[in-house]
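Worksheet: one structure, shown below.
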Amino acid sequence: MVKAPLATPELVAVDARAARRGDRLFKLLASAAGSTMVVAIVLIAVFLLIRAIPSLRANHANFFTSADFNTADDEKLSFGIRDLFMVTVLSSVSALVVAVPIAVGIAIFITQYAPKRLSRPFGAMVDLLAAVPSIIYGLWGIFVLAPQLEPLAQALNRNLSWLFLFKQGNVSLAGGGTIFTAGIVLAVMILPIISSVSREVFRQTPLMQIEAAQALGATKWEVVRMTVLPFGRSGVVAASMLGLGRALGETVAVLIILRSAAKPGNWSLFDGGYTFASKIASAASEFSEPLPTGAYISAGFALFVLTFVVNAAARAIAGGKVNG
């Protein structure tokens, strides 16, 4: 029987040096991969800012408070993001209000109540909603959903018009091309994102905590309320902010639904108008002159900052809940 040679101090030192070189190389590659997205985001921000500054200097209106967006005359540019911000926020937040409770309910049903033979296909069906193209959602929203929502919209306007969100807007409720309809469609679009992330977080609930609650005689709902929901709270917040970011940047579906060029009124869900993304997309064919193009790039930069702030706030909220 041949014995393996004993490791000498010289061989051990060589192996240690090789291991350290491998660690340094892997650390370098990992750092380069991690910094790629940071560099890309910084470059995008710099590009948008550089292209936007000349138009902002030539702007004859207040960029933040003006409702006008006129880029037809290079010498008299007049554009502001007040209405774009209002429509973007209203449509996205209303979508979030509708989607989050439904998505969390779906996630709880799949992870806690549904049998295994049903949970997988049901979860796959929900996830398939993310594969539907935006233009299909837009066409479905304006031609199918909007007529069905008309009685509900009229009832809300008739009974809750004292609240500014449900006042009569500048768009006929019979047409359906309102922020209200766009919010419902966006809710369906972000539903699979929120549901998928929440589902995975709920599945990570420690089994020991669930069994401890059951040992104390807790019902199924009490187990969910006392263990699953508190454990997954930060994950639900993060999932909601991911969905909100998706809604803020949605273009084609919102452009089809909010086809009215009328300006919004007083923060009503029954207004029309443009979001940041749909406004830029609607004028994409006219990007030939630098100053008018820079006006739309300025709006894009505002959307970039808004999305960045939303995601930063989400991380702060989720981090605070985890540490708490």
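For helix 9-58, report the angle its Cα long axis makes with the longest principal axis of the Cα atoms of the chain; keep it between 0 and 90° and round to the nearest 10°.
10
Which label belongs to the value computed from this structure, given these candidates for Cα Rg over 2.2 N^0.38 Å: (1) 0.91; (2) 1.09; (3) 1.31?
Recomputing Cα Rg over 2.2 N^0.38 Å here gives the entry labelled (3).
Near the amide H of PHE287, under 5 Å away, which other amide H atoms are found, from residues 5 or more places off or on another chain, if H is placed in the peptide plane?
Answer set, sorted by chain and number: none.
Helix 82-108 against the longest principal axis of the chain: what's the angle in degrees, Cα atoms only, rounded to the nearest 10?
Helix 82-108 and the main axis of the chain meet at about 40 degrees.
With +1 on the Cβ of every Lys and Arg and -1 on the Cβ of every Asp and Glu, and nothing else charged, how large is the dipole of the chain about its Cα centre, in debye rounded to the nearest 20?
Here the chain has a charge dipole of around 1080 debye.
So how many Å³ per residue does the convex hull of the Cα atoms of segment 50-141 work out to?
Expressed per residue, the convex hull around the Cα atoms of segment 50-141 is 162 Å³.
Select from ASN157, THR88, ILE194 the residue farthest towards the positive end of the dipole of the chain; place +1 on Cβ of Lys and Arg, -1 on Cβ of Asp and Glu, and compute about the Cα centre.
So the residue we want is ILE194.
Counting only protein heavy atoms, what percent of the accessible surface of the chain is carbon or sulfur at a 1.4 Å probe?
Carbon and sulfur together cover 68 percent of it.
Relative to the compact-globule scaling 2.2 N^0.38 Å, provide the ratio for the alpha-carbon radius of gyration of segment 111-213.
For segment 111-213, the normalised Cα radius of gyration comes out at 1.48.
Which whole-Hz ³J(HN,Hα) couplings does segment 185-199 yield from phi under the Karplus relation 6.51 cos²θ - 1.76 cosθ + 1.60, θ = phi - 60°, glycine and proline marked x?
Whole-Hz 3J(HN,Hα) from phi for segment 185-199: 5, 4, 4, 5, 6, 8, 4, x, 5, 5, 5, 5, 5, 4, 4.
Can you give me the accessible area per residue for segment 175-324, using a 1.4 Å probe, in Å²?
43
Going by alpha carbons, how many degrees (0 to 90, nearest 10) lie between the helix axis of 229-249 and the longest principal axis of the chain?
50
Across segment 302-307, in residue order, what do the Karplus-derived ³J(HN,Hα) couplings come to in whole Hz, using 6.51 cos²θ - 1.76 cosθ + 1.60 with θ = phi - 60° and x for Gly and Pro?
Values per residue, Gly and Pro as x: 4, 5, 4, 5, 4, 5 Hz.
Points 7 angstrom from Cα along the Cβ direction at ALA312 and GLU222: gap in nanometres?
A separation of 4.5 nm, rounded to one decimal place.
Does segment 104-166 classify as rounded, prolate or oblate by the C-alpha gyration tensor (a ≥ b ≥ c root eigenvalues; a/c under 1.5 gives rounded; else a/b over b/c gives prolate, otherwise oblate)?
Judged from the Cα gyration tensor, segment 104-166 comes out oblate (a/c at least 1.5, b/c at or above a/b).
Charges on Cβ only, +1 for Lys and Arg, -1 for Asp and Glu, centred on the Cα centroid of the chain; of PRO121, ILE41, LEU242, which one is farthest towards the dipole's positive end?
Value: PRO121.
What list of ³J(HN,Hα) values in whole Hz, one per residue of segment 155-165 in order, does the Karplus curve 6.51 cos²θ - 1.76 cosθ + 1.60 (θ = phi - 60°) give from phi, with Gly and Pro shown as x?
5, 5, 5, 6, 9, 10, 5, 5, 8, 4, 5
Give me, ordered by chain and number, the residues 5 or more places off PHE79 or on other chains with an amide H under 5 Å from its own placed amide H.
Amide H neighbours of PHE79: HIS60, ALA61, ASN70.
Estimate the FRET efficiency between VAL39 and LEU229 by the formula 1/(1 + (r/R0)^6), using the beta-carbon distance for r and 41 Å for R0, to the nearest 0.05.
It comes to 0.60.
When the chain is fully extended, how far beyond the present Cα-Cα distance does ILE53 get from ALA114, taking 0.36 nm per residue of separation?
Stretched out fully, the ILE53 to ALA114 stretch lengthens by 16.5 nm.
Would you kindly calculate the mean projected area, averaged across all directions, of the convex hull enclosing the Cα atoms of segment 172-309, in square nanometres?
With the hull built on Cα positions only, its mean projection is 11.4 nm².
The values are calculated or read from the model by the stated rules, or taken from the named source; none is laboratory data. As the structure is a computational prediction, the values presented were derived from the model and not from experiment. Positions of Cβ are backbone-derived with ideal geometry, glycine not excepted, and every protein chain shown enters the neighbour counts. When the accessible area is computed, the model is the full protein with side chains, heavy atoms only, and any ligands, DNA or RNA have been set aside. Shrake-Rupley method; radii C 1.70, N 1.55, O 1.52, S 1.80 Å.
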